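The values are calculated or read from the model by the stated rules, or taken from the named source; none is laboratory data. Here the structure is a predicted model, which means the values were calculated and not measured. Cβ placement follows ideal geometry from the backbone for every residue including glycine, while neighbour counts extend to all protein chains displayed. The accessibility values were calculated without ligands, DNA or RNA, using every heavy atom of the protein model including side chains. Shrake-Rupley method; radii C 1.70, N 1.55, O 1.52, S 1.80 Å.
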Amino acid sequence: MARTVVPYKIKIVEPIELLSPLERQERIKDAGLNVFRLRSKYVYIDLLTDSGTGAMSHDQLSQMMLGDESYAGSESFYRLEEAIQDIMHLPFVIPVHQGRAAEQVLDHVLIQKGMVVPGNTHFDTTKAHIEFRGGRAIDCTIAEGRDATCDHPFKGNLDLGLLSQAYEKYGREQIAYVLITVTCNSGGGQPVSMKNIKEVSEFCRQNGLPVFFDAARFAENAYFIQQREDEHKNKSIRSIVREMFSCVDGCTMSAKKDGLVPIGGFLALRDEKLFEEMKPSDILFEGFYTYGGMSGMNMDAMAQGLMEVCEESYLAHRINQTAYLGQELIKREVPIVTPIGGHAVFIDGRRFYSGIPEDEFPAQLVVVEIYREGGIRAVEIGSCLAGRDPDTGHNIRPALDLCRLTIPRRVYTQEHFDYIVDVVDTVHKSGRSRRKGLAFDMETKGIRHFTSTFKEL
Ligand SMILES: *Cc1c(COP(=O)(O)O)cnc(C)c1O
């Protein structure tokens, strides 16, 4: 058996507490069966998200002490810019406070009413920003990406056929840009192959379409390329990352993921004209274009984080933690999406509770039950999150109704994972005969999964 190498040791700890079963019952009831409404102190192991929840390194903390808090021309910005140029080889950097802010700045400039953005299962805020500008997201993910059990190494890939259909229908004028999300978060943290990135890029170049990465997990995607795509297996992560970014016109980035910081983001661009066009939007929405809503300390921590996230030992450990959790669940016959993605394990709600009708939110019920059983907070990525069609108002029925166990970076140990496995296994075994799920108690408009409440049927 291969030995596990953990490339860090623990220097500072944060106490966590497991409430009694009775208290957990009460807390989740008070929260309207919606874990977004729970106070974090009521949570024992928090797998809500990997966004901004990672542990920082002592190098990041010491870099923060260099933070230059100047309004304009901050040295911290130039260090961040240099790190991004070095890693991604994109020359122009616009700092923003998080990923959705990058989306807002980009879409403000590139999207006009009636335009579309083809891509591979757009992230929820990404889709919402596109719609907010009067545009529409068009999902061009390969069919395998919508099948929970099919074994494809790159289920985040785009279908070139669907992409050219979109091109034929909307043409160059109506397509704002093409977006490749690496890894594909809403599609199960599934990677996109270098081959596919190159094909999409080539298609876009031939047809004069701009192409961007939603780069939140670019390093994790690069690791999967190294592990799964034969011709890249002897390349370093750094060189794979550069090759990936050589295919696009720029990226939006939520540094709360592969920037290894609690808050932060940026846009990186190849075209100077576009850069100049975006500066005023950055100033309007985020702050001056050498801080964009971040402190100098924040930018220095991110510059260091971007370098650490590309280290092979870090990535191997990170991806293997996720794989460990997934494999242990598979051993216990818990239905999960395979292959296992980068940042999370996704439980298939419809198979987990096969007796519960699809429109009674089975994945949301899994989330509720694993909190009740073990104080673990997961999140639904399914029918509730999918929301309603903006044109018809009907509930969208997504291909998969998932409960996501998201792994924060460098935070939990194997003991935590063994606990999680035991809790999920127990909930699974005891829930086989359930026939009734959940309904909305109060459904909020817009991005409804954050604030709505549920009742048991
Ligand atoms: C998190 C995320 C975003 C949005 O970033 P925030 O920092 O949360 O605003 C966009 N795209 C993807 C793929 C993400 O995972």
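The table that follows gives values for the structure above.
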read-out: Zero-based 5 Å bins, Cα pair distances in region 1-121, whole percents; value: 2, 7, 9, 12, 13, 13, 13, 14, 10, 6, 2, 0
read-out: Accessible area per residue in Å² at 1.4 Å probe, computed on the chain; value: 42 Å²
read-out: Once the Cα gyration tensor of region 56-123 is diagonalised, semi-axes √(5λ) in Å; value: 30, 15, 12
read-out: The chain: relative contact order in percent, alpha carbon pairs under 8 Å with at least 6 residues between; value: 23 percent
read-out: Around Asp300: net Lys/Arg minus Asp/Glu count, Cβ-Cβ under 10 Å; value: -1
read-out: Solvent-accessible surface (1.4 angstrom probe) belonging to Arg350, in square angstrom, nearest 10; value: 50 Å²
read-out: Alpha-carbon Debye profile of region 58-308, log10 I(q)/I(0) at 0.10, 0.14, 0.18 Å⁻¹; value: -0.45, -0.88, -1.40
read-out: Listed residue (Met253, Ala363, Leu158) projecting farthest to the positive dipole end of the chain, Cβ model; value: Ala363
read-out: Sequence of Lys256, Lys455, Lys11 when ordered by accessible area, the most exposed leading, probe 1.4 angstrom; value: Lys11, Lys455, Lys256
read-out: Nearest-ten-degree value, helix 312-331 long axis tilted from longest Cα axis of the chain; value: 30 degrees
read-out: Inter-centroid distance (Cα atoms) of region 234-274 relative to region 284-315, Å; value: 11 Å
read-out: List His428, His108, ordered by accessible area with a 1.4 Å probe, largest first; value: His108, His428
read-out: Degrees, to the nearest 10: 296-308 long Cα axis against longest axis of the chain; value: 80 degrees
read-out: Degrees between helix 272-285 axis and first principal axis of the chain (Cα, 0 to 90, nearest 10); value: 50 degrees
read-out: Inverse of mean 1/r across different Cα pairs in the chain, Kirkwood, Å; value: 22.5 Å
read-out: Where Thr126, Thr426 fall by accessible area, highest first, once all protein chains stay in place (1.4 Å); value: Thr426, Thr126
read-out: Asp359 accessible area, assembled protein chains, probe 1.4 Å, Å²; value: 100 Å²
read-out: Approximate spin-label separation Lys11-Lys331, in nm, with each point projected 7 Å along Cα-to-Cβ; value: 3.4 nm
read-out: The chain, accessible surface, carbon-and-sulfur percent (1.4 angstrom probe); value: 51 percent
